[in-house]
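Student: Before we start, here is the structure in question, set down as structure tokens.
The values are calculated or read from the model by the stated rules, or taken from the named source; none is laboratory data. All of these numbers come straight from a predicted model, not from anything done at the bench. Don't worry about glycine lacking a Cβ; one is built from the backbone with ideal geometry, like all the others, and counts go over all protein chains shown. The protein model used for the area step is the full one, side chains on, heavy atoms only, and it has no ligands, DNA or RNA in it. Shrake-Rupley method; radii C 1.70, N 1.55, O 1.52, S 1.80 Å.
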Amino acid sequence: MASLVIIGAQWGDEGKGKVVDLLAQRARMVVRYQGGNNAGHTLVVEGQKTILHLVPSGILQADTRNVIAQGVVVDPAVLVRELDALAARGLHVGPEQLVISARAAVIMPYHCAIDAGRESRLGAGRIGTTGRGIGPAYEDVAARRAVRVGDLLDRARLDARLDRVLDERNATLTWLGSEPIAREAMVTELLRLGERLRPLVTDAECLVRDAVEADVDVLFEGAQGVLLDVLHGTFPYVTSSHTVSGAVATSVGVPPWRVDHVLGIVKAYTSRVGEGPFPTELTDALGDRLREVGQEFGSTTGRPRRCGWLDLAALRYAHRINGFTGLAVTKLDVLSGLETLKVCVGYRVDGRVVDALPADEGVLARAEPVYAELPGWQGDLSAVESLEALPREARGYLDFIERELGVPVALVGVGPGRRQTLELRDPWTD
Ligand code: GDP
């Protein structure tokens, strides 16, 4: 019995959804603890696709309870839409299947409007947010004026919260040249959504602590990636929450030593969506090829992702922060057919070589990747079912990652399907 956290080890979009889906089969509880509906995973139920942005991936497992904990910012309209979509697929979602923290901050209509207004005002200097109000919602948490999910169940409390925040937010909207939000219509809608969610709203953190203390298998599902962490990432081109493994302790409120295993999800190459530094980016035909073969378009926004070589120096930095106990290397199949593969093992900065991502943004901007070259492999990997059946060079590529990072590879993705995963070790025990 154990707890396991899944962390995107790069800039997000590592293919966490499939890994979580696989590991959720064993988990009795799956917990989202940060981010908002800027994450996304696709569930296929009887051939029909449902894209979920907030509901945790364990929702398809019969005996798994899913938790949206307080580190998450919740857009109630999006959540209700997801619950409707699941109901339309014949999936009943009651409190045994999903609970939502009463303390989670709500993404309000003014957050979305401010997010969009700011990005268009910044023009070329924009952050590249998904425009879903997530950043402004976290701002209100830090400013102690957030509306929380529990407030949607009580008109008087909601009114008191809005008294603290709405005028200022509307002033910002006016300054941005956007329409201010009409209070009464917003309140009516929020109370309606609150009633829909009421059966699921509870002290979710307490339930997670109970589960962890009872040694139930708990899976903590991270969103985005380490290099997008608001503090540790490539600031300011980051998300507004903590994406590192330590965030489980702060966002859910469980002791750090209660997290037994940390699985880092590593795409076999690198991608990044939006703006910001990306030392191994390929802006040539090879980059286009990775994007096309790897289908690197956002599942939430449809935006094309920037693509480049695997960056072990960035991963070394990620590992030191997160303490990976195992790795899941995804999308190895996408690299098939290349003569030679480059892997960044360090950066040359001002005439010397460093082996991990520099923290200083000015230094990072000058960093030139130092590459090792490895032989590529030919042929389709999508039907490969064991490590031994992989081409020798593909095994060499995995060995190289393991050796450089000093972390064992537990899972290897060779295609998008649930079964297209080689299980080399059990991430729950090894
Ligand atoms: P996430 O946000 O980290 O879950 O990543 P995304 O969902 O944005 O990207 C994952 C995409 O890659 C999905 O379309 C998956 O079906 C696909 N995928 C996941 N693992 C593999 C793999 O091993 N090979 C291939 N070809 N596709 C994969």
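Student: (1) within 17 Å of the chain's Cα centre (by Cα); (2) under 29 Å from residue 316 (Cα atoms): which one isn't true of residue 27, the others all being true?
Tutor: The one condition residue 27 does not meet is (1).
For every residue, the table says whether it meets (1) hydrophobic (A, V, I, L, M, F, W, C); (2) in a helix (DSSP H, G or I); (3) away from the ligand (no atom under 16 Å from the Cβ).
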residue: 358; (1), (2), (3): no, no, yes
residue: 363; (1), (2), (3): yes, yes, yes
residue: 377; (1), (2), (3): yes, no, no
residue: 428; (1), (2), (3): yes, no, yes
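Student: Just give me the residues in region 99-119 being modelled with pLDDT of 95 or more and either charged (D, E, K, R) or assigned to a strand (DSSP E or B) (or both), in sequence order.
Tutor: Of everything in region 99-119, those that are modelled with pLDDT of 95 or more and either charged (D, E, K, R) or assigned to a strand (DSSP E or B) (or both) turn out to be 99, 100, 101, 103, 105, 106.
Student: Where residues in region 361-371 are touching a residue at least 24 places away in the same chain (Cβ under 8 Å) and surrounded by 14 or more Cβ atoms within 10 Å (Cβ to Cβ), which of them is nearest to residue 234 (Cα to Cα)?
Tutor: Step one: of region 361-371, the residues touching a residue at least 24 places away in the same chain (Cβ under 8 Å) are 361, 364-365, 367-371.
From the residues that got through so far, the ones that are surrounded by 14 or more Cβ atoms within 10 Å (Cβ to Cβ) too are 364, 367, 369-371.
Numbers: 364: 9, 367: 13, 369: 16, 370: 19, 371: 21 Å.
So, considering only residues that are touching a residue at least 24 places away in the same chain (Cβ under 8 Å) and surrounded by 14 or more Cβ atoms within 10 Å (Cβ to Cβ), the one nearest to residue 234 (Cα to Cα) is 364.
Student: Let me ask another. Of the residues that sit in region 343-360 and are crowded, with 16+ Cβ neighbours inside 10 Å and free of Cβ contacts under 8 Å to residues at least 40 places away in the same chain, which one is nearest to the chain's Cα centre (by Cα)?
Tutor: It comes out as 358.
Student: What's the number of the only condition in (1) under 20 Å from residue 191 (Cα atoms); (2) in contact with a Ser or Thr (Cβ under 9 Å, 6 or more places away or on another chain); (3) surrounded by fewer than 19 Cβ atoms within 10 Å (Cβ to Cβ) that residue 110 fails to meet?
Tutor: The single condition residue 110 does not satisfy is (3).
Student: Every residue in region 396-426 that is more than 16 Å from the ligand (Cβ to nearest atom) and open to solvent by 20 Å² or more (accessible area, probe 1.4 Å), please.
Tutor: Taking region 396-426 as the starting set, the residues that turn out to be more than 16 Å from the ligand (Cβ to nearest atom) are 396, 399-400, 402-408, 425-426.
396, 399, 400, 402, 403, 404, 406, 408, 425, 426, listed by residue number.
Student: Among the residues of region 278-297, what is the count of those that are within 18 Å of residue 40 (Cβ to Cβ) and either surrounded by fewer than 17 Cβ atoms within 10 Å (Cβ to Cβ) or among the hydrophobic types (A, V, I, L, M, F, W, C) (or both)?
Tutor: Qualifying residue count for the region: 2.
Student: Next up: Among 142, 171, which is assigned by TED's automatic domain parsing to the domain that holds residue 111, of a type in the set (A, V, I, L, M) and open to solvent by 70 Å² or more (accessible area, probe 1.4 Å)?
Tutor: 142
Student: Are there any pairs with C-beta distances below 7 angstrom linking a residue in region 11-26 that is within 14 Å of residue 218 (Cβ to Cβ) and near the ligand (Cβ under 8 Å from one of its atoms) to a residue that is open to solvent by less than 30 Å² (accessible area, probe 1.4 Å) and part of a helix (DSSP H, G or I), with the two at least 6 apart or on different chains, and if so which?
Tutor: The qualifying pairs are 20/57.
Student: When you look at residue 63, is it of a type in the set (Asp, Glu) and modelled with pLDDT of 95 or more, yes or no?
Tutor: Numbers: of a type in the set (Asp, Glu): yes; modelled with pLDDT of 95 or more: no.
Answer is no for this residue.
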